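> Once you've had a glance at the structure underneath, I'll fire off some questions.
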Amino acid sequence: MDSWDLLNGIYLRLLADTSKPIFITAGEGEIGTTKLYTGKRTIRALKLRLTKERCKGDRWARAKVYSHTNDYGDQFWVFEL
């Protein structure tokens, strides 16, 4: 199993868990805004949304899936697909 298959498996499990919200963070330079993602929970749909947010390379975008909270605050899995 190569690393892409392994990552795809992790992504699919996290996306399938509907109890965990997905946030899209996008911006220019070092400043970005975060919005709750309410679209379809598939890798393809998420990639399309991130591509749209990137505006042909003028901006950056990443998806965050809430993982858990600990003493240091909320923890997320971050995907830059």
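The values are calculated or read from the model by the stated rules, or taken from the named source; none is laboratory data. Everything numeric here is computed off the predicted structure, so don't read it as measured data. Glycine also receives a Cβ, built like all others from the backbone with ideal geometry; neighbour counts cover every protein chain displayed.
> Only one residue in L7, L14 is more than 11 Å from the chain's Cα centre (by Cα), surrounded by 13 or more Cβ atoms within 10 Å (Cβ to Cβ) and either modelled with pLDDT under 75 or acidic (D, E) (or both), so which one is that?
Just a single option satisfies the conditions, and that option is L7.
> Shifting gears a bit: Restricting to region 44-68, name every residue that is out of contact with any strand residue (DSSP E or B) (no Cβ under 7 Å at 6 or more places or on another chain) and hydroxyl-bearing (S, T, Y).
Selection gives T51 alone.
> How about region 17-81: which strands (runs of 3 or more DSSP E) wholly inside it have at least 3 residues that are among the aliphatic types (A, V, I, L, M) and modelled with pLDDT of 85 or more?
The strands (runs of 3 or more DSSP E) meeting that bar are 22-28.
> Same structure, new question: Can you pull out every residue in region 29-61 that is free of Cβ contacts under 8 Å to residues at least 24 places away in the same chain, closer than 27 Å to S19 by Cα, surrounded by 12 or more Cβ atoms within 10 Å (Cβ to Cβ) and hydrophobic (A, V, I, L, M, F, W, C)?
Matches in region 29-61: A45, L48.
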